[in-house]
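Comments concern the structure below.
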Amino acid sequence: MSDSRNNPPPDDWAKTRQNIKLPESENTGASDWDKTNYNFPKQPEADEWGKTVMNIKPIDTSRADYGKTIFPGAGKQPDGDWTATHAGSTGPDTDFASAPSEAYGKTTPYFQLPEAERAKYQSLPLTPAEQAAKEAEEKKAKGGIPGWVWIAVGGLLIFGFFLVVLAGVGVFFLWGNSNFDATVRSAPPGSDVLVDDVPWGVTSEDGSIRLSNLRAGRRTIKITHPNFTCEPREVTVEQPSVIARCQAVAKKATDDCANILPGEEDKAERCYYAALAALPDPFTPEQLVKALSILVINFGSGSYEVPAKRLAALQKGAEYIRRVSPPDTVLEVGGHTDSDGNAAGNKTLSQNRAEAVKKVLVGYGVRPETLQTRGYGPDKPVADNATDVGKFRNRRIEYLIVKK
C-alpha cells in the first residue's frame, strides 16, 4: 500500500474497486482512503460530506456515453447508484427512492443535506408552465361554473321545450274541438243577433251573419228587431247553419199612423208594413208611392248612411216596387231636410240621402231605371220648421211618380 497522495500504486485495484465495500481489516484509515481517489482533488473527511454537497455538481447520467467510462478495476458503472462510488457513504432512502415525493421529484439531491439546506432546496419556484397550470386549476376551483350545472341547465331547457310543444299541440286540438263557426241566414236585415244572450253582431243587407269562434256545445241564437219577432234557434258543431224564422210585427191598435212624432220611427215602420200589406192586387203607382212615403228613415245628423234597422223595411218596399205596373213606370226618390244649417249644404245632403236609398233598393232587386233621385233640401217643407215636430216631419224621404 502506498501512503503517497500523488503516487498511487499501479495495481492495487482490489481495494479501490468501486461499489465494493472494503473489509474492516483493509480500511485502516486516511492513508488507504486517499488511495481510492485517483484524479480527484483531496476530499473532506467523511463526516463533512453533508456540508459540502451544495458545491458539487452532480454527474449527468443521461448522456449516452456514460457507459463507456470505466473506472479501473470495475465493470460497467451501475445506473444511478451514486452512494456506491464512495466507500462508507450512505444515501437516504428519500433521495433515491423509485417514486420520490412531490418535492424531491424536482430537486432530488444526490447526497444527504442538513435539514436547513434541504428545506431551502425543497422550496424551488414553479416553472412558467407549472405556474400557468396551477392558476388555471385555482380559477376552475374558485370562479368557474361546474360542468354538471351546464348539463343540468341544458337538460331543463330541452325538457321545457318539449313541454311547450306538447302544450301547443294540446291547445290546438282542444281549441279545434271546442270552437266552431256558425251562420244565420234569412233574418231581417239590420237585426241584432245574440249568442246565449250575449250580443254578437248585426245581420247584413241580405239578412245573414257569420258567428265566429263559438264554444263547443249547443248554442242558442236569438234575433231581435223592433218590428219583427223571431224564434230562438240553436246551432252545434254538427249543425252550424240555421235559417231565421221571423215575422213582421203587426200594427198595434193604438198606433196613430196619421200622426208620427219624433222617436216613433218604429211605429212609422209598422204603419208602413200595414200600408203595403193593404195594397190591392194590382195596385196603382199612386197607391204605392203613398204607402212607401210613410217610412221614416232617421238619418244621423249630417249623415246619409241608411240606418241598419231600416234595411228590412226597404227590402220589403223593393218587393212592391218590382211589381209596379206598368213596368216602365219611373218613380222619384226625393230627399228633404229641415231649415237648420246652410241651404246649399242641406240640398247636397238631401241629394246624397236620396241616392243612398236608391242604392239600397237597387241592391234588393229594383231596376236602376225605375228610380230617379233628387235632393230638395229645405225647399219643400210639409211642417213648420219653427218646432221640433215640424223639423222632424220635414226630414223625410218622399216618393213621387215621374212617369207611368
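Read-outs throughout are calculated quantities, based only on the coordinates presented, and are distinct from any laboratory measurement. Nothing here was measured: the structure is a model prediction, and the numbers come from that model. Here the Cβ is made from the backbone with ideal geometry for all residues, glycine too, and neighbour counts use every protein chain on show.
Take the cross-link list 290/380; 359/391; 252/380; 252/358; 316/391; 290/403 and give me the ones stretching past 21 Å between alpha-carbons. Checking Cα-Cα distances, 359/391; 252/380; 252/358; 316/391 exceed 21 Å.
For the range 183-280, the set of GluC sites (Glu not before Pro) satisfying both a DSSP loop assignment and a count of at most 15 other C-beta atoms within 10 Å is given as 238. Taking each residue as 0.36 nm, the span from residue 342 to residue 137 lengthens on full extension beyond its C-alpha to C-alpha distance by 64.5 nm.
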